[in-house]
1. Which of the residues spanning the stretch 187-216 are on the phi > 0 side of the Ramachandran plot and in a strand (DSSP E or B)?
2. Keeping to the stretch 506-555, report how many residues are in a helix (DSSP H, G or I), under 20 Å from the mean Cα position of the chain (by Cα) and loosely packed, with under 14 Cβ neighbours inside 10 Å.
3. Read through the list (1) buried (at least 24 other Cβ atoms within 10 Å of the Cβ); (2) not in a helix (DSSP H, G or I), then give the number of the only condition that residue 389 fails.
4. Under the condition of being more than 28 Å from the chain's Cα centre (by Cα) and in a loop (DSSP other than H, G, I, E, B), which residue from the stretch 306-344 is surrounded by the fewest Cβ atoms within 10 Å (Cβ to Cβ)?
5. Looking only at strands (runs of 3 or more DSSP E) that lie completely in the stretch 217-285, which have at least 1 residues being surrounded by fewer than 22 Cβ atoms within 10 Å (Cβ to Cβ)?
6. Any idea which of 139, 112 is buried (at least 21 other Cβ atoms within 10 Å of the Cβ), assigned to a loop (DSSP other than H, G, I, E, B) and at pLDDT 95 or above?
7. Can you go through 151, 128 and tell me which one is in a loop (DSSP other than H, G, I, E, B) and under 15 Å from residue 107 (Cβ atoms)?
8. Residue 103: over 30 Å from residue 236 (Cβ atoms) and modelled with pLDDT of 95 or more, yes or no?
């Protein structure tokens, strides 16, 4: 790794940076993990790594509430720890909003990952005009995670670069660094792009926003240095930054094994991978069915396990996380394997216990969904073309229910052509080949997840364990609210403020719904959750006002 020549300051101290790094990556490289202070005096750092949790806020050049994971590091920046209540009187005055930019493509694709890029390519091949809106500066999504600092790391990243190049070569227009904060009937989308308002009025839309990770809610899960497995993967794959020299990984699912291997190859010491699910050799039938579904991917998984063993990374099955405690500058991780309790020390603790769809836009637009009790999340109802119950609205990939990247790509091709055909483009695309691939990918995913333990759980934790990260609502307050017998998660929200923070309940809301269901004896269904509200993500008031002016003018 070459020595950085440029620097910025963090709380007055010089921090080196490498070209392309995010602030979160540069600070992590420097061993700095405390980015903000909460109202109750607790320290927080990077957690989700994808702009969802809002926990890595810092003040940059006098502007508060900047997400370190989504903000590029630049020479000369003056970055400060985010205080719980920034002094707005001395904060930098934002520039007046420019008039809203209005776009009206044939097809709008929201999300530039595996599914969204595939949809854009297919729709352009049919002749429709396509605009892709993506949160990140560079497309590729969470699966392909493009590098911002070097050439592709491996074949997976190279495949993502090729898919992105194909979409751009096909004529799709990609607008990055976009935050969609509102979606309304008639396929009207309101967004913010680099501080300016963006209004989109497409004829049809494909939502491909993916999913975010389900964490392990245990004592200590909000400590700096504790992050999702995907956040650590982003640090490494996008910025070549290790989350720590010593890493522990907890939860359940194939991503934990993949990232453990990637970090080990990158030079980290993986002190433990604690998998909640049983060892695959204890489930020979399920393992055999998985191998039959896709022998190539199974062989890849076996090579991954072999690499982990060669590098001394212990994989413990049937093991659950008990707690995480700060121990000096390190973290002490305690896990239980049956009657045996083990503790290890690490610089960073990574957690992934499944995924939850990022479906707020779909729900705002009224797309019908059903609750999937096996995975504990909503699955959007779609037909064989990936069309939702809303005319002109399609959904592909994990935002509609967990399915994996290969399935998302097949769905993207199907939805892209179907949407274009509905708009009068194309030549009667035959979906048979893609439908066949899609069925195979879905079969494999079902068998893969059968070997892991991602079933939703109630948080059996002490009263002082935080449930709502943003509002710092602990389990004791939640239990007190449940004692009043709320009939819905929304009632619990009003009683306790759970889910009222900046992330709008993306982590605690699903837990609140399950807790209310358990307290009332009613099953969780599609009506059990907090209703999505506008703005679905924090946005500058100036952008909201600019969008309002554009709508008043009939744009």
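The values are calculated or read from the model by the stated rules, or taken from the named source; none is laboratory data. Remember, it's a predicted structure, so these values are computed and weren't measured experimentally. Here Cβ is always computed from backbone atoms with ideal geometry, including for glycine, and neighbour counts include all displayed protein chains.
1. Quick first cut of the stretch 187-216, residues on the phi > 0 side of the Ramachandran plot only: 187, 194-195, 210.
The answer is none; no residue qualifies.
2. Residues that pass the stated criteria total 0.
3. (1)
4. 339
5. Values: elements: 226-228, 246-251, 269-275.
Where strands (runs of 3 or more DSSP E) fall fully within the stretch 217-285 and carry at least 1 residues being surrounded by fewer than 22 Cβ atoms within 10 Å (Cβ to Cβ), they are 246-251, 269-275.
6. Numbers: 139 fails: at pLDDT 95 or above.
It is 112.
7. Details: 151 fails: under 15 Å from residue 107 (Cβ atoms).
From the options 151, 128, the qualifying one is 128.
8. On the way: over 30 Å from residue 236 (Cβ atoms): yes; modelled with pLDDT of 95 or more: yes.
Yes.
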